[in-house]
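**Q** Okay, handing you the structure first.
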Amino acid sequence: MSDNKLFMPFGVEYDLIKGIMKNPDKHLIRKASSMKGHYEDAAALDKIIAAGDPLHYEVFEKNIPEENGHLQFCISTTQPGLVGDECFMTKGHYHRIPETAEIYLCLTGRGYMLMKTKEGDSVAEEMFPGRMVYVPPYWAHRTVNTGDTPLTSFCVYPGNAGHNYGDIEVEGFPKRVYKRNGKIEISAWKRKS
Ligand code: F6R
Ligand code: ZN
């Protein structure tokens, strides 16, 4: 083809047992230090950062144009761990184009997808291998690892969806997920005034 704009088909190999995408083009790494302001116990997060700033989560992607009609896809891997008694999680975001949805197919580990709308709706959906969570348009979303092994999902979303981190940083998620005495607790978060 002489048309340089034509995007060529391609294939990607996965290890679905381990939750690994082979030969990703992009590898995003978020350490504990990039999670400031997201956990209830800021002092506990500072301690973890001072003790070595461990890996929190990673995203593995291929280069796909950020355009309507394309589909972005990735492997998202969140490490197990606690900040105080709150489970490790992703920052979470709305999509920049809010009327875009997303599918998370869980491959490894155990946890929750926390979701919220600007109208105040709030839902926690369980994640475990073989379970898919559908994030509808207009729902901010964050993954939380409640297990002892990495929580890994294959995600697919519209090419032009983008990320809006700013709004949810201001709003916060109404639900938080804790592990206390080995038990998972999901409770409402009261913002400190
Ligand atoms: C894309 C998406 C995931 C997340 C990834 C990291 O729309 O939802 O690929 O980007 O799980 O989480 P964030 O982006 O919230 O840091
Ligand atoms: Zn998303």
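**Q** If you rank 115, 8 by fewest surrounding Cβ atoms within 10 Å, what's the result?
**A** Values: 115 22, 8 5.
Final ranking by Cβ density, sparse to dense: 8, 115.
**Q** Give the order of 95, 163 when sorted by the count of other beta carbons within 10 angstrom, beginning with the fewest.
**A** 163, 95
**Q** Take residue 131, project a point 7 Å from its Cα along the Cβ direction, then tell me which residues of the stretch 72-113 have their backbone nitrogen under 15 Å from it.
**A** 104-113
**Q** Past 32 Å, Cα to Cα: identify those pairs from 22/183; 31/179; 116/179; 62/179, in the order given.
**A** Violating the 32 Å Cα-Cα cut-off are 22/183; 62/179.
**Q** Starting from the 7 Å offset along Cα-to-Cβ, what nm value, one decimal, do you get for the label separation of residue 163 and residue 148?
**A** 3.1 nm
**Q** As a check on your grasp of the helix formula, calculate [θ] at 222 nm for the chain: sum -39500 (n - 2.57) over DSSP H runs of n ≥ 4, divide by the residue count, round to the nearest 500.
**A** Mean residue ellipticity, 222 nm, calculated: -2000 deg cm²/dmol.
**Q** Could you list the residues of the stretch 102-133 with an amide nitrogen less than 13 Å from a label point located 7 Å from the Cα of residue 85 in the Cα-to-C-beta direction?
**A** none
**Q** Here's something else I'd like to know. FRET efficiency for residue 156 and residue 53, Cβ-Cβ distance as r, R0 = 35 Å, nearest 0.05?
**A** For residue 156 and residue 53, the calculated efficiency is 0.70.
**Q** Continuing with this model, one more query. Through the Karplus equation 6.51 cos²θ - 1.76 cosθ + 1.60, θ set to phi - 60°, convert the phi angles of the stretch 159-169 into ³J(HN,Hα) values in whole Hz; use x for Gly and Pro.
**A** Once θ is set to phi - 60°, the couplings for the stretch 159-169 become x, 9, 4, x, 10, 10, 8, x, 4, 6, 4 Hz.
**Q** Rank 126, 61, 99 by mean-square fluctuation in a GNM of the chain with C-alpha springs under 10 angstrom and give only the top-ranked residue.
**A** Result for the chain, Cα springs under 10 Å: 99 fluctuates most.
**Q** Further question: Once the mean 1/r over all distinct Cα pairs of the stretch 23-188 is inverted, what Kirkwood radius in angstroms do you read off?
**A** Evaluated on the stretch 23-188, it is 16.1 Å.
**Q** Also, quick follow-up: Where the centre of each part is set by its Cα atoms, how far does the stretch 3-46 sit from the stretch 132-193, in angstrom?
**A** Spelled out, the Cα-based centre of one part sits 15 Å from the other.
**Q** Which ordering of 116, 31 is given by a fewest-first count of other beta-carbon atoms within 10 Å?
**A** Starting with the residue having the fewest Cβ neighbours, the order is 31, 116.
**Q** With springs connecting C-alpha atoms under 10 Å apart, model the chain as a Gaussian network and identify which of 117, 90, 146 has the largest mean-square fluctuation.
**A** 117
**Q** Given charges of +1 on the Cβ of Lys and Arg and -1 on the Cβ of Asp and Glu, with all other atoms neutral, how large is the dipole of the chain about its Cα centre, in debye to the nearest 20?
**A** 480 debye
Every read-out reported here was derived from the displayed coordinates using simple, explicitly stated rules and does not represent laboratory data. Not measured: the values here are computed from a predicted model. In this analysis, Cβ positions are derived from the backbone assuming ideal geometry, glycine residues included, and neighbour counts consider all displayed protein chains.
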